[in-house]
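Data first, discussion second: the structure below is written as structure tokens.
Just so it is clear, none of the values below were taken in a lab; they were calculated from the coordinates. A quick note: this is a predicted structure, and the numbers were derived from the prediction, not measured. Glycine also receives a Cβ, built like all others from the backbone with ideal geometry; neighbour counts cover every protein chain displayed.
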Amino acid sequence: MAIIVNLDVMMAKRKIGLSQLAEKVGITNANLSILKNNKAKAVRFTTLEAICRELNCQPGDILEFRNDD
């Protein structure tokens with residue numbers, strides 16, 4: 001089982017860069033990069049909410065469940 005983070009896809013669709021989104025969301029470039037590159041172990045709901053607000057999307061647009069079977 002895996003949770004896949006499709007943040008890079010949504011950022012490309014919205015034509016927004018890492019630094020710009022990080023500033024709007026209020027997190028560091030490094031932390032947003034960790035999330036974008038699917039290296040994060042967890043994400044705070046407040047961070048997810050801020051990302052969704054800025055990208056005008058739903059959490060399901062960013063997070064995806066894939067069954068490894």
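The H on the amide N of Leu63, modeled in the peptide plane, is under 5 Å from the matching H of Asn6, each at least 5 residues off or on a different chain. Each principal axis of the Cα cloud of the chain was evaluated for its coordinate range; sorted largest first, these ranges are 38, 21, 19 Å. Computed 3J(HN,Hα) for the range 49-64, one whole-Hz value per residue from the Karplus formula 6.51 cos²θ - 1.76 cosθ + 1.60 where θ = phi - 60°, is 4, 5, 5, 4, 4, 5, 8, 6, 9, 9, x, x, 6, 9, 9, 9, glycine and proline marked x. Rounded to the nearest 20, the Cβ-based charge dipole of the chain about its Cα centre (Lys and Arg +1, Asp and Glu -1) stands at 220 debye. When the Cα positions of Asn29, Leu48, Asn6 are compared along the charge dipole of the chain, Asn29 comes out farthest toward the positive end, with charges on each C-beta of Lys, Arg, Asp and Glu.
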